[in-house]
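Encoded as structure tokens, the structure appears first; notes follow it.
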Amino acid sequence: MALGRREPTEQSFWVTAASLPKSPGHPFYERLNRLLAGMDFDRQVEALWEPYYKEGGRVSIPPGVIYRMLFVGYFEGITSQRGIAWRCSDSLSLREFLGLGLEERVPDHSSLTKIRQRVPAEVDRQAFQLVLLEAEKQGLLKGKTVAVDATMLEANAAMKGIVVRETGEDWKQYLTRLYREEHGEDEDDDPPSANELRRFDKKRKNKGKKRVKNDVWKSPTDPDCRIARMKDGRTRLAYKAEHVIDVETELILEARVLHAIGADSGTLLASVNAAQDNLEACGSEAVIKEVIADKGYHKEQVLSEASEAGLRTYIPEPRVTGGKRRWTTKPAEWKDAVYANRRRVRGDRGKKLQRLRSERVERSFAHTCETGGGRRAWLRGLENVDRRHVLQATARNLSLLTRRLFGVGTPRALQGAAEGAIAAALSALLVFWAMVRHHVAGSRTRCVTSARVLRADRSSHSLSLAMSSA
């Protein structure tokens, strides 16, 4: 056989359709397309988008293609729109998933941005409800007991670029102004050096002013983000994502992005009410009756309002400093709600529900933010980040549906399932071989034992004949 040598590639002027490469298709994305076709996803989202387009003119990108590209970002763990567009252009199986041929161009990342600016955010919420509707048809929606929790998302802005809200000064200009005010210098004087500013910032008094506060500082590139402390202790510009989870089925009933500042207790009831609205929008008769959360959501007024709304709360109390609670200046309803919540939390069911909350809500964040690539927000503005996170939650609910229908929820899970099937087949073969060997060994033992018994019978028969003859 002769050695093949790589020659410089040249574009052919004419290529027949039979000569074009074809993809065998990805098993997971084929099943996902089957699920989307069964729920008539494309026709329904086209009906949602149609009021925002006019008759005639150039044909736009189909909404089903846009949503599928964003779903690919979740399933492949791709964070940015540029990476999603490149991945879809590079893969034949993903082109088939999008319904695009080799002669068709994959939508550019800028097209995703322009289309998002054309269509309002309510349309993405309605697409999220379409998946919940399919979950209702499959019997996955329960909705009686929900769990609420929040996590931080890194904003697409840097702490180095923050400026003072009133004057627009950056950190260096701010320190320079403080330095000149303390030393009595004018603007005509030479500015202080970097080392002088560093020493001044280290030794200056009034330590409270050295803290960067959200009411004083902002990001000029993304004014909606806020300065927050992440779980690993870092200080970053961030948003807060909040999930409402169906504890029994792990479906996300509500996902929204909020400002990173503010107490969690201030958004509890609003998120639960939004989850109930989503249940009603998809035709479910489920009514939320129990709410589970961590101690960050504990507040007397919130517990009282939840009790008045017919909700049973399971929210642990934070450690109280300064002795017992005093209720002399607070309404009696608050006291009753706090003690009733405390009694439920300390019961066996309350402990069980807290274990489920810590397991299943954190799993939703792990899927949407870590493996789904949504921890860092590459978009700017609260509305844009919220819309992207809602679609991440939609893709996560789709993965739960595919796991229910086909046994796998992600492309990697399908690969692991194949490897697991091979391992199971090998282990079954080994077990069968061990049983055969045991059966053969048992047969030999039974044969030897039968021969010994036969010889013993013959000996006893000969002995009895000899005794009878004597």
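Quick note: the coordinates plus some simple rules give every number you see, no bench work behind them. The shown structure was predicted, so the numbers you read here are calculated from the model rather than taken from an experiment. Ideal geometry is used to build each Cβ from the backbone, glycine not excepted, and the neighbour counts take in all protein chains shown.
³J(HN,Hα) across the stretch 97-108 via Karplus (A = 6.51, B = -1.76, C = 1.60, θ = phi - 60°), whole Hz, x for Gly/Pro?
Couplings: 5, 6, x, 10, x, 5, 7, 9, 9, 6, x, 6 Hz.
Out of the stretch 87-158, which trypsin sites (Lys or Arg not before Pro) are coil in DSSP terms and have no more than 11 other C-beta atoms within 10 Å?
Hits after loop and neighbour filter: Arg105.
First check a/c for the stretch 163-211, with a ≥ b ≥ c the square roots of the eigenvalues of its C-alpha gyration tensor; if it is under 1.5, answer rounded, and if not, answer prolate when a/b is larger than b/c or oblate otherwise.
oblate
Find, to one decimal place in angstroms, the Kirkwood hydrodynamic radius of the stretch 21-119, where the mean of 1/r is taken over every pair of different Cα atoms and then inverted.
14.3
Just the Cα atoms of the stretch 90-147, one point each, no solvent: what log10 I(q)/I(0) does Debye give at q = 0.21 Å⁻¹?
For the stretch 90-147 at q = 0.21 Å⁻¹, log10 I(q)/I(0) is -0.94.
Given a Förster radius of 51 Å and the C-beta distance between Val287 and Arg177 as r, what FRET efficiency does 1/(1 + (r/R0)^6) yield to the nearest 0.05?
With R0 = 51 Å, the Cβ-Cβ based efficiency is 0.30.
For the stretch 306-372, run through the trypsin sites (Lys or Arg not before Pro) and keep only the ones in DSSP coil with at most 10 other Cβ atoms within 10 Å of their Cβ.
Within the stretch 306-372, the qualifying trypsin sites (Lys or Arg not before Pro) (loop, at most 10 other Cβ atoms within 10 Å) are Arg319, Lys324, Arg326.
Points 7 angstrom from Cα along the Cβ direction at His109 and Arg403: gap in nanometres?
Spacing of the two 7 Å Cα→Cβ label points: 3.0 nm.
Starting with the fewest neighbours, write out Val119, Val247, Val320, Val361 ranked by other beta-carbon atoms found within 10 Å of each beta-carbon.
So the residues, fewest neighbours to most, are Val320, Val119, Val247, Val361.
Given a Förster distance of 35 angstrom, what is the FRET efficiency for Asn273 paired with Glu359, based on the Cβ-Cβ distance and rounded to 0.05?
E between Asn273 and Glu359, to the nearest 0.05, is 0.90.
Say the cut-off is 28 Å between C-alpha atoms; which of Lys289/Lys352; Lys240/Lys299; Lys205/Lys231; Lys142/Lys351 go over it?
The answer is Lys205/Lys231.
So how far apart, in nm, are the two label points at Asp336 and Arg204 if each is 7 Å from Cα heading toward Cβ?
5.5
Aspartates and glutamates near Lys203 by alpha-carbon distance under 17 Å, same-chain residues fewer than 8 away left out - which ones?
Hits, sequence-local ones excluded: Glu181, Glu182.
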